[in-house]
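Before any comments, here is the structure.
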Amino acid sequence: MRNFLLYSLLLLVPQLVLAQQPVARPATAPAKKTEPQPAAETSESTPPQTVEVLPAEPVVRVITGNVQSQSGKPLAGVTVSLRQDERESSITNSAGMFILKTTHQAPVLHVSYAGYSELEVTPPVSGPLIVEMAAIDKYSKQLKKQVKSARKAWEKP
């Protein structure tokens, strides 16, 4: 009988200790704003009711697309950024595709690439965006002139 009591104590003591430990609870939500509601005119003794107003969480929108030249060839290395926030940007891969995440409701994309004219486009609500970039006329001549004038400025004593 003594062994039975000792054995049952050994089984019960850890369960009692575990029951006294605090239980881990999930993190609480951020503070909620409350706005008082007007009290009903029927009774003055009832306190005004409050309605919880939760802050709206921003919706993350994923914009995908393809950037190509006028001849239909994909352009790799094109910078695609948000006009509203230049920190949110992406660069196209070798297939000319990009993915950009934003929380803006009406984003405007700024698309730029060396040798091509810059564009600002509004992406569709759903589906991929296809951007055709036009090459700048006589870009190589303009670039040569700039390089030549820069070299002259550098070589001047």
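Laboratory data are not the source of any read-out in this text; all were calculated from the coordinates shown. Here the structure is a predicted model, which is why all the values come from computation and not from measurement. Don't worry about glycine lacking a Cβ; one is built from the backbone with ideal geometry, like all the others, and counts go over all protein chains shown.
In debye to the nearest 20, how big a dipole does segment 61-139 give about its Cα centre with +1 on each Lys and Arg Cβ and -1 on each Asp and Glu Cβ? Let's see the in-between values first.
Details: 6 positive and 7 negative charges, 36 e Å.
The calculation lands at about 180 debye.
Please list, ordered by chain and number, the residues whose modelled amide H lies under 5 Å from the amide H of Gly65; skip anything fewer than 5 residues away on the same chain.
Close amide H contacts, sequence-distant or interchain: Phe98, Leu129.
Using each residue's phi in segment 135-141, evaluate 6.51 cos²θ - 1.76 cosθ + 1.60 at θ = phi - 60° and report the 3J(HN,Hα) Karplus result to the nearest Hz, with x for Gly and Pro.
Karplus values, whole Hz, x for Gly and Pro: 6, 6, 4, 6, 5, 5, 5.
With the contact rule set at Cα under 8 Å and sequence spacing of 6 or more, what percent relative contact order holds for segment 61-139?
Working: 171 pairs, mean separation 28.2, N = 79.
Relative contact order comes out at 36 percent.
For Ser90, Ser112, what's the fewest-to-most ordering of other Cβ within 10 Å of each Cβ? Display every interim value, and only then the final one.
Values: Ser90 19, Ser112 14.
By the 10 Å Cβ count, ascending, the order reads Ser112, Ser90.
What are the ³J(HN,Hα) couplings of segment 121-134, residue after residue, when phi is run through the Karplus curve with 6.51, -1.76, 1.60 and θ = phi - 60°? Round to Hz, x for glycine and proline.
Ordered by residue, 3J(HN,Hα) equals 10, 9, x, x, 5, 9, x, x, 9, 10, 10, 9, 9, 9 Hz.
Would you please give the residues with an amide H less than 5 Å from that of Leu82, counting only those at least 5 places away or on a separate chain, with H modeled from the backbone geometry?
Glu88, His110
Using a 10 Å cut-off on Cβ atoms, rank the peptides 50-57, 103-110 from the highest mean neighbour count down. Please report the intermediate quantities before stating the final value.
Numbers: 50-57: 8.8, 103-110: 14.4.
Top of the packing list down: 103-110, 50-57.
Could you point to the residue in Ser69, Pro123, Asn93 farthest towards the positive end of segment 61-139's charge dipole, with +1 and -1 charges on the Cβ of Lys/Arg and Asp/Glu respectively?
It is Asn93.
Could you list Met133, Met97 so that the one with the fewest beta carbons within 10 Å of its beta carbon is first and the one with the most is last? Kindly include the intermediate steps, with their values, before the conclusion.
Values: Met133 20, Met97 15.
Lowest to highest Cβ neighbour count: Met97, Met133.
Calculate the tail of P(r) for segment 61-139: the fraction of all Cα-Cα distances greater than 16 Å, expressed in %. Could you put the intermediate results ahead of the total?
On the way: 1355 of 3081 pairs.
Cα-Cα pairs in segment 61-139 separated by more than 16 Å: 44 percent.
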